[in-house]
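Presented below is the structure to which this report refers.
The values are calculated or read from the model by the stated rules, or taken from the named source; none is laboratory data. No experiment lies behind these values; they were computed from the predicted model shown. Please note: Cβ atoms are built from the backbone with ideal geometry, for glycine as well, and neighbour counts cover all protein chains shown.
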Amino acid sequence: MNTISPHADQHPNVRAMQSAGDAIKGRSLWEDARRRLFANKAALASMIVLFLVLLAAIFWPLISPHAYNDVNYSAYSVAPSAEYWMGTDVNGRDILVRTMMGARVSLAVGLIATMVSLVIGVVWGATAGFFGGTIDNVMMRIVDVLYSLPFVFFVIILMVIFGTSLWIMFIAIGAIEWLTMARIVRGQTLSLKEKEFVEAARAIGVKPLTIVRRHIVPNLIGPVIIYVTLTIPYAILAESFLSFLGLGVQEPLTSWGVLIADGANGLPAAPWALLFPAGVMALTLFCFNFIGDGLRDALDPKDR
Amino acid sequence: MALYTLKRLLSALPTLFVIIAVAFFMMRLAPGGPFTNERNVSPAIEANLNAKYNLDQPLGMQFISYLGNVVQGDFGPSFVNRDFSVSELILQGLPVSLTIGIAALMLAVSIGSFLGVMAALRQNKSTDYAVMAVAMAGITIPNFVTAPVMTLIFAIWNDWLPTSGWVGWGGIDEQGLGAFGRSLVLPVITLALPQIAIISRLTRGSMIEVLRSNFIRTARAKGLSTSRIVRRHALRAAAMPLISYLGPASAALLTGSLVIEKIFTLPGIGQYFVSGALNRDYTLVMGVVIVYASLIVFLNILADLALAALDPKVRLT
């Protein structure tokens, strides 16, 4: 009599099937996405460039022969040379090390402000989307109203009131950028909630919290990551915008916005003091945008 | 339509109220009053100053009287520019800001939509890639980079355009129309660049979608020429997303004008706003924020109304 073995996983055929399964396994969503991302040349190049900028920002100020706030009046407005690779500004400060110091500050503001917006946006959006109904209506109505406010002006008021500290800037910029994040997360949660696989999970008795953890959150990560990569350049831009106007990072600390403002002020004498920081900033922003686009292509299964 | 217009206008009131309230109470959150930083002010004088500017009344009363004044167009005296009221300063700056703002908007819409249509008609060809690359650059590079760099190229290395300064409508008689125009070129172009980029992307996207639709195929089948199809049929449909973008576009132009007015030393309200923020001139900053916010809200309504009038798919509720 042909009985089904209670230890089906030990049946030779099953084992063979399993090992075959092992061989073709490893095409999870993430692995697939990574493969596609690395196949995207613009995104790959951007990741390499961004990594190099990050390394330079971290280590160059440590090993540079010049300090970023070293004022050298015997070498002001020096053109790029062997001594000063990017030249010096009108105060005789080395542009290269200042650009890298600026990169530290600008990238830190970009990352931290984005994290602030991520936390607020995901919590707000997921709550609204998951509960739906009146809660959703009220919460998203608030987002709509905030959207119509000229937020940059309120950030400027904040900076005027509380002084121009870095922390205020993190929070203020994060507070502008969370709105879009909340909308994206809410939309995703709403549609995911109604998906068949969630219904199936519910039908076989999976607890709501487990559904959120196992099914909703992993599917949210894709769009959130894409939007995070696209938010970082906006946060950097917002910081530079404020610093350019003199309302952000203050001397002697520097950032790309401060350097560009300084470079623009010292213009006829030292164009390199404008062009190098502006170039590095533009390059970084391009990289973030290309990576964001690459991630969008890699993570969107509909686009396969 | 009239009812819808009225409804939209009324719905703007709460938004404006929130803006004024937030601006007012945020300013009052500021540590210290506007006169605490001044040296040698005896308590009696400070009390007098506070009484003069109504700062000795309860906060709620201050807000109500401020609100009443704002409705009448009175934003109070400027704390820093003592001889001027905020309304005077804003009225001085508004023509400058509006001139460059409107010129930049017209430039952005005309060039942006032209580039977008060109890219859509030659989709996935070199024209398309070139336009999209330029658009990417325009979106990525902010105008506080493009403005000084273009000044360097066109005004310092080549003496084609003035580096800064404002001729203004009043200066046309004195310095000629040429000087007026030349003084506008760099500010308007650098202000418009990011919007040109965004509008060209937007137009390309909606144009490609429209060109695939059935009524365009019908027009083609009828034997119409491409230029006629684009002008008479496709553009009209493809312009809808563009119209709804005009509200956000003008908001972005206002924000950009802060930078542009600073770089080119134009005496617009953006300039007053930034100097007011740096000098903690609370009344001036609030006045400008309220004017900006009202402009943005009003322009958004205008864009909505235009969309409702032009797009049969929009239902008025």
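In table form, for the structure just shown:
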| item | result |
| --- | --- |
| For residue B:158: the one exception among (1) surrounded by fewer than 19 Cβ atoms within 10 Å (Cβ to Cβ); (2) touching a helix residue (DSSP H, G or I) at 6+ places or on another chain (Cβ under 7 Å); (3) of a type outside the set (Phe, Trp, Tyr); (4) more than 30 Å from residue B:17 (Cβ to Cβ) | (2) |
| In the stretch B:216-259, residue surrounded by the most Cβ atoms within 10 Å (Cβ to Cβ) [restricted to those that are part of a helix (DSSP H, G or I) and among the polar types (S, T, N, Q)] | B:257 |
| Qualifying position, being closer than 29 Å to residue A:232 by Cα and in a helix (DSSP H, G or I), among B:131, B:117 | B:131 |
| Qualifying residue in the stretch B:138-147 (condition: aromatic (Phe, Trp, Tyr), over 27 Å from the mean Cα position of the chain (by Cα), in a helix (DSSP H, G or I) and within 11 Å of another protein chain (Cβ to nearest Cβ)) | no |
| In the stretch A:197-246, the residues that are among the aliphatic types (A, V, I, L, M) and either in contact with a Gly (Cβ under 7 Å, 6 or more places away or on another chain) or within 14 Å of chain B (Cβ to nearest Cβ) (or both) | A:226, A:230, A:232, A:235, A:236, A:237, A:238, A:242, A:245 |
| Residue in the stretch A:83-93 that is more than 12 Å from chain B (Cβ to nearest Cβ), in contact (Cβ under 8 Å) with a residue 12 or more places away in the chain, hydroxyl-bearing (Ser, Thr, Tyr) and under 30 Å from residue A:208 (Cα atoms) present | no |
| Single residue of the stretch B:260-296 satisfying the filter (at the interface with another protein chain (Cβ under 10 Å from one of its Cβ atoms) and in a loop (DSSP other than H, G, I, E, B)) that is surrounded by the fewest Cβ atoms within 10 Å (Cβ to Cβ) | B:279 |
| Some residue of the stretch A:248-259 being of a type in the set (Ser, Thr, Tyr) and within 21 Å of residue A:84 (Cβ to Cβ) | yes |
| Looking only at the stretch A:248-277, and only at residues there that are of a type in the set (Gly, Ala, Ser) and assigned to a helix (DSSP H, G or I), the one that is surrounded by the fewest Cβ atoms within 10 Å (Cβ to Cβ) | A:264 |
| Among (1) of a type in the set (Gly, Ala, Ser); (2) more than 12 Å from chain A (Cβ to nearest Cβ); (3) closer than 29 Å to residue B:140 by Cβ; (4) touching a helix residue (DSSP H, G or I) at 6+ places or on another chain (Cβ under 6 Å) - the single one residue B:306 does not satisfy | (3) |
| Evaluation of residue A:274 against (1) more than 9 Å from chain B (Cβ to nearest Cβ); (2) modelled with pLDDT of 85 or more (one fails), failing number | (1) |
| Options A:194, A:177: the member that is over 30 Å from residue B:29 (Cα atoms) and out of contact with any Cys (no Cβ under 7 Å at 6 or more places or on another chain) | A:194 |
| Filter result (of a type in the set (Gly, Ala, Ser) and either touching a residue at least 40 places away in the same chain (Cβ under 8 Å) or assigned to a loop (DSSP other than H, G, I, E, B) (or both)) within the stretch A:123-171 | A:125, A:126, A:128, A:129, A:132, A:148, A:163, A:165 |
| Residues of the stretch B:118-137 satisfying the condition of being touching a residue at least 40 places away in the same chain (Cβ under 8 Å) and either crowded, with 22+ Cβ neighbours inside 10 Å or more than 25 Å from the chain's Cα centre (by Cα) (or both) | B:119, B:120, B:121, B:123, B:128, B:131, B:135 |
| Residues (in contact (Cβ under 8 Å) with a residue 40 or more places away in the chain and either acidic (Asp, Glu) or within 14 Å of chain B (Cβ to nearest Cβ) (or both)) located in the stretch A:174-195 | A:175, A:176, A:177, A:179, A:180 |
| In the stretch B:189-215, the residues that are farther than 18 Å from residue B:128 by Cβ and part of a helix (DSSP H, G or I) | B:189, B:190, B:191, B:192, B:193, B:194, B:195, B:214, B:215 |
| The stretch A:220-244, residues that are buried (at least 19 other Cβ atoms within 10 Å of the Cβ) and without any contact (Cβ under 8 Å) to a residue 40 or more places away in the chain | A:243, A:244 |
| Members of the stretch B:148-162 that are without any contact (Cβ under 8 Å) to a residue 24 or more places away in the chain, within 12 Å of chain A (Cβ to nearest Cβ) and of a type in the set (S, T, N, Q) | none |
